[in-house]
1. Residue pairs, Cβ under 8 Å, 6 or more apart or interchain, first in the range 58-75 and without any contact (Cβ under 8 Å) to a residue 40 or more places away in the chain, second loosely packed, with under 12 Cβ neighbours inside 10 Å and part of a strand (DSSP E or B). List them.
2. Tell me yes or no: at least one residue of the range 44-51 is among the charged types (D, E, K, R) and exposed (fewer than 14 other Cβ atoms within 10 Å of the Cβ).
3. Among (1) hydrophobic (A, V, I, L, M, F, W, C); (2) closer than 22 Å to residue 14 by Cα; (3) surrounded by fewer than 15 Cβ atoms within 10 Å (Cβ to Cβ), there is one condition residue 107 misses while meeting the rest; what is its number?
4. Can we say residue 17 is more than 25 Å from residue 110 (Cβ to Cβ), of a type outside the set (Gly, Ala, Ser) and loosely packed, with under 14 Cβ neighbours inside 10 Å?
5. Could you give me the residue pairs with C-beta distances under 7 Å whose first residue belongs to the range 101-124 and is at positive phi, whose second residue is in a strand (DSSP E or B) wherever it lies, and which are 6+ apart or on separate chains?
6. Out of (1) at positive phi; (2) in a strand (DSSP E or B), what's the single condition that is false for residue 6?
7. Which residue out of 36, 94 is more than 14 Å from the chain's Cα centre (by Cα) and exposed (fewer than 12 other Cβ atoms within 10 Å of the Cβ)?
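Just so it is clear, none of the values below were taken in a lab; they were calculated from the coordinates. Remember, it's a predicted structure, so these values are computed and weren't measured experimentally. Cβ placement follows ideal geometry from the backbone for every residue including glycine, while neighbour counts extend to all protein chains displayed.
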Amino acid sequence: MISATPLYCIVCDDARIEIGGKEILIGIYTVGLKINSVPFTANTCLWFIVRWAGEGATTVSARILGPRGNQLWTQSGAARAVLPGLESSYLFRNALFAVEEEGTYEIQWRTTEQEWVSVRKFPIFTSDQAVTAR
């Protein structure tokens, strides 16, 4: 049996794989997403760092929950443990944030064998009162 524990998730505009397996993340949202108004739609990528255990393949899924806990987006894909016990990345493209209201959105992850796990809280706001981390 295989398990995959997500350590963190980066929300970005795009990700590319270069020669030698290096990954380039483009347009990283470090704090959250500031938008002009609602409704708003953002097409992003969710880049997870995952620790694998066991061997074999499984199906992994990610989803985005709105501030009220409603599911806004979900996607699944096949995954295989590359080096059990070590970390690697997993990318979901076209992660759609369909924003109807300001608030904190939640990004979750699971494998077929596991329950949903919250990986990141992601604020989306329209005001200039955002706190920037520097």
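1. Cβ pairs passing all conditions: 75/94.
2. no
3. Going through (1) hydrophobic (A, V, I, L, M, F, W, C); (2) closer than 22 Å to residue 14 by Cα; (3) surrounded by fewer than 15 Cβ atoms within 10 Å (Cβ to Cβ) one by one, residue 107 breaks only (3).
4. no
5. 103/124
6. With (1) at positive phi; (2) in a strand (DSSP E or B) applied to residue 6, the lone miss is (1).
7. 36
Per-residue answers, yes or no, for (1) of a type outside the set (A, V, I, L, M); (2) within 15 Å of residue 109 (Cα to Cα); (3) touching a strand residue (DSSP E or B) at 6+ places or on another chain (Cβ under 8 Å):
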| site | (1), (2), (3) |
| --- | --- |
| 6 | yes, yes, yes |
| 13 | yes, no, yes |
| 27 | yes, no, yes |
| 46 | no, yes, yes |
| 65 | no, yes, yes |
